[in-house]
Amino acid sequence: MSFFGRSRPEGKVLETVGIFEALKQHGKYETGQLFLHSVFGYRGIVLFPWHARLYDRDVTPLTPDTSQSKEVKGKTHTYYQVLIDTRDCPHISQRSQTEAVTFLANHDDSRALYAIPGLDYVSHEDILPYNSTEHVPIQHELFERFLMFNPSKNPSFSARDTLLAWQEKNHPWLELSDVHRETTENIRVTVIPFYMGVREAQNSNVYWWRYCIRLENLGHEVVQLRERHWRIFSLSGTLETVRGRGVVGREPVLSKEQPAFQYSSHVSLQAPSGHMWGTFRIERTDGSHFDVRIPPFSLESNKDDKAPPTDSH
């Protein structure tokens with residue numbers, strides 16, 4: 001049995017937090033499963049699973065003649081809504097945003113957003129499951145509100161009625177449906193779009209989406225993201241070009257020690273649907289550059305009739 005620990009800032013002492021379990025090759029992890037994130041290293045617990053359609057452009061390589069017309073078929077893949085241990089948030093802040101879920105605020109300011117810290121979406125293969133005898137092994141303000149210790153169960157944590165009610169009420173905003181992935185020169189870009197709802201502004205409708213992006217360096221060369229270049233097409237017929245330095249105010253370095261970076265951003269359209277695609281400009285250590293493709297993804301508003309979100313607090 002493998003024990004693992006985490007350095008405590010004050011003493012740099014390894015602390016045993018649990019015992020690794022075997023990876024699930026088939027089926028899915030259940031609500032209450034403790035895990036380590038295999039890429040970002042934080043401790044977390046599974047709230048509930050999602051079934052997503054993964055559109056992986058690496059599975060069906062595109063040729064120059066077919067890059068515009070080649071159909072990429074979606075494959076069902078399991079993702080999980082999870083809570084992140086707040087003790088680990090400072091250690092991953094340079095690699096991943098810990099406020100991964102945002103909502104449109106339910107009041108007159110149609111541009112206002114509010115976030116629930118320490119929520120994330122995790123792919124099945126990113127989960128390293130473990131178990132613990134602690135009654136509260138994860139520190140998060142929602143842990144005891146959503147989960148309770150149940151020693152007769154495996155995993156030994158069960159969903160409270162508050163978690164089931166929160167999931168049902170907020171399902172449209174939390175739902176993960178499509179995931180898009182593409183690799184260019186060993187840099188893999190994964191995009192997950194989320195429809196957030198519609199708001200009225202100046203006698204017209206404004207449709208909002210959030211998109212979560214993860215960049216992963218699958219090679220050995222150290223590289224740095226320098227620029228972003230987006231094309232945003234709206235069903236209303238407009239095509240917008242957005243260029244800028246870095247992403248969310250950062251220019252992350254992707255190395256073998258820290259191979260991944262994840263962030264979320266938002267986009268609004270005057271139409272109920274559209275598309276986004278683009279490139280990231282990546283710089284090598286010798287100063288040369290190359291462009292990494294951001295896989296095209298749809299912005300769809302198939303839940304226009306949903307009610308405003310319910311705050312968990």
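The values are calculated or read from the model by the stated rules, or taken from the named source; none is laboratory data. Every value quoted in this text rests on a predicted model; they were computed, and no experiment measured them. For neighbour counting, all protein chains shown are included, and Cβ atoms are generated from backbone atoms with ideal geometry for every residue, glycine included. Each accessible area value is taken on the protein alone, full model and side chains, heavy atoms only, with ligands, DNA and RNA left out. Shrake-Rupley method; radii C 1.70, N 1.55, O 1.52, S 1.80 Å.
Given a cut-off of under 8 Å on Cα pairs at least six residues apart, what relative contact order in percent is computed for the stretch 161-277?
Reported relative contact order: 25 percent.
Taking every protein chain into account, the 1.4 Å probe leaves Lys75 with about 140 Å² of accessible area, to the nearest ten. Surface analysis of the stretch 247-297 yields an accessible area of 44 Å² per residue, using protein heavy atoms and a 1.4 Å probe.
Ranked from the most accessible area to the least, with a 1.4 Å probe and all protein chains present, what is the order of Glu125, Glu283? Present the calculation step by step, with values, prior to reporting the outcome.
On the way: Glu125 95, Glu283 45 Å².
Reading off the accessible areas and sorting them downward yields Glu125, Glu283.
Under the shape rule built on the C-alpha gyration tensor, where the axes satisfy a ≥ b ≥ c, the stretch 145-230 is oblate, since a/c reaches at least 1.5 while a/b does not exceed b/c.
Over the stretch 148-246, accessible surface divided per residue gives 48 Å², non-protein components excluded, 1.4 Å probe.
When the alpha-carbon atoms of the stretch 180-313 are used, the pair Rg, Dmax equals 16.7, 53 angstrom. In terms of its C-alpha gyration tensor, the stretch 150-200 has an oblate overall shape, because the principal axis ratio a/c (a ≥ b ≥ c, square roots of the eigenvalues) is not below 1.5 and a/b does not outweigh b/c.
Modelled spin labels at Asp161 and His220, positioned 7 Å past Cα toward Cβ, are 5.9 nm from each other.
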